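Contents: one structure, followed by commentary.
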Amino acid sequence: MYPPTLIKYGLYPSLCFPSGASQNILSRMHTFSRVSTLSRSRGLLASSSSSSSSSSTRTKKKRFASPRDMESVLLQNDTMEISDIFLDQFGVLHDGKNPFPEAIECVRRIHETFPSIRVHVLSNSSRRRSSTLSKLKRMGFEEKWFCSTMTSGEVCHRLIEENIISSSSSSSSSSSYVFLHLNWGERGAVSLPSQCVLATSKEEAVAKTTHIVASGCESMSVPGTTLGSYDRRVQTIQRLSHEEIKEVLTGIARRCEQNKTEPPKMLLANPDFVTVNGDRLEVMPGTMSLWYKEILNEIYGGKNNSRSFNADDYVVKLGKPAPIIYTTLRKEIVQQTQNNRSNSNSNSSSNSSSSSSRGEKRSDGDDAIFANVLCVGDSLEHDIRGAQSVGAKSCFIVETGIHAEEFDFSSSKSGKEVEAALQAMCEKYNVESPTCTIPKFSWN
């Protein structure tokens, strides 16, 4: 089944296997206007605690009572016991280019009003996390408002270093590893660990690729580095169109099938299908994983191929909704909590401090941390499903995100109509209803 987000905006399947109309489809996507041309309610968009007959089989979850904004949500903290907030970036804090002024104010107010609640950035960005806070700082957010950050690009970088490079460093086969690194162009290229051997051309990528990393949708990395945006060293790129990317992926799959070997796995450094970028939506690496799976199913799972084949096994998601990005951040939070407790115990006079109390609450086990986490995001398929996959609470942001046009309600809509529409939308995306839904990430 094709992702509803891509179908909604006419991006699938035509974009994934373009016909002559592909450029028209891309043009429609790039001129998509999200918020400025929409008229929607500023009031309550909340999930109901009751279930309709069509959703009676869904798990009933505890809901916030009538939240209008983040202040309303957090004022119920005695009931919901929120200790940490995991914030998405795009569609929540900014649109990829400009910050949302109400989001800056909201993060500031959380920091000042609820000092016991820790705020973290959890983003499906293919870049390493070191650039996340510096970018937010340039937009007007203060670093002290955030406790930590984690990106899918950071998870990908660590996995390559720890599971591929380290495990092969003592092996003579390590020199035979060749990476096809699909990268960005105008958005600013991303780098892989320096030990990665890169294909020098499309032809070499088809002939020799053993590992695929999907960080972007506009180019492939080639040997050498150049100074990129944000004063980072990034890899030199060769621009590729979407058609060329699919040709390379098809060539790799056909070569492996002819050699009767398994195709290389695609490490998905950003599982998003689309994202907001200013006043338009742009294709993201998650869409390329759909291309790759279609190609693999056609080549390896054809009618003449008797052996069973599951293309999903050859795409490794390293960001939301996959649990790995949540558990990676969780381990750091647990470690920091333990360090804080150790410091607190060494200075026994501070045992009753709020930070120590939070540490005591979470010391019963790592899994308990997600019960007190609120994940805020604009994507049902990634942010909300991801939160639910680890047992965290979820807050769905509508007005500034990728579902803005799809979830468009005027102020004349009744609460029941809004709830019914949200329920239908969740069923469409096969996602449980979020804990709460508010128009935008604002304080009041």
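Observations on the model:
- Residue selected from the stretch 71-98 under the condition free of Cβ contacts under 8 Å to residues at least 60 places away in the same chain and surrounded by fewer than 17 Cβ atoms within 10 Å (Cβ to Cβ), by the criterion nearest to Asn444 (Cα to Cα): Leu75
- Within the stretch 268-281, the set of residues being more than 14 Å from the chain's Cα centre (by Cα) and either modelled with pLDDT of 95 or more or buried (at least 19 other Cβ atoms within 10 Å of the Cβ) (or both) comprises Leu281 only.
- Qualifying residue in the stretch 262-273 (condition: assigned to a strand (DSSP E or B), within 24 Å of Ser308 (Cα to Cα), out of contact with any Pro (no Cβ under 8 Å at 6 or more places or on another chain) and not β-branched (Val, Ile, Thr)): yes
- Residue in the stretch 224-241 that is closer than 19 Å to Val155 by Cβ, in the same structural domain as Met284 (by TED's automatic domain parsing) and among the hydroxyl-bearing types (Ser, Thr, Tyr) present: no
- Residue match in the stretch 113-128 (condition: of a type in the set (Lys, Arg), in contact (Cβ under 8 Å) with a residue 24 or more places away in the chain, buried (at least 16 other Cβ atoms within 10 Å of the Cβ) and over 26 Å from Glu81 (Cβ atoms)): yes
- Some residue of the stretch 141-157 being basic (Lys, Arg), part of a loop (DSSP other than H, G, I, E, B) and surrounded by fewer than 23 Cβ atoms within 10 Å (Cβ to Cβ): no
- Pairs, first closer than 20 Å to Pro321 by Cα and at pLDDT below 90 in the stretch 416-444, second surrounded by fewer than 16 Cβ atoms within 10 Å (Cβ to Cβ) and of a type in the set (Phe, Trp, Tyr), C-beta under 6 Å, six or more apart: none
- Qualifying residue in the stretch 397-409 (condition: assigned by TED's automatic domain parsing to the domain that holds Thr327, surrounded by 24 or more Cβ atoms within 10 Å (Cβ to Cβ), assigned to a helix (DSSP H, G or I) and among the β-branched types (Val, Ile, Thr)): no
- Neighbours by Cβ (under 6 Å, 6+ apart or cross-chain): first from the stretch 307-336, closer than 13 Å to Asp84 by Cβ and at pLDDT below 95; second buried (at least 17 other Cβ atoms within 10 Å of the Cβ) and β-branched (Val, Ile, Thr): Arg330/Ile369
- Scanning the stretch 101-117 for residues that are in a helix (DSSP H, G or I) and either among the small types (Gly, Ala, Ser) or not assigned by TED's automatic domain parsing to the domain that holds Asn340 (or both) yields a count of 1.
- Flag for Ala103 being closer than 16 Å to Phe441 by Cα, among the small types (Gly, Ala, Ser), modelled with pLDDT of 50 or more and surrounded by 15 or more Cβ atoms within 10 Å (Cβ to Cβ): yes
- Residue check, Pro193 closer than 24 Å to Ile325 by Cα, outside any helix (DSSP H, G or I) and outside the structural domain of Asp383 (by TED's automatic domain parsing): yes
The values are calculated or read from the model by the stated rules, or taken from the named source; none is laboratory data. Every value quoted in this text rests on a predicted model; they were computed, and no experiment measured them. Don't worry about glycine lacking a Cβ; one is built from the backbone with ideal geometry, like all the others, and counts go over all protein chains shown.
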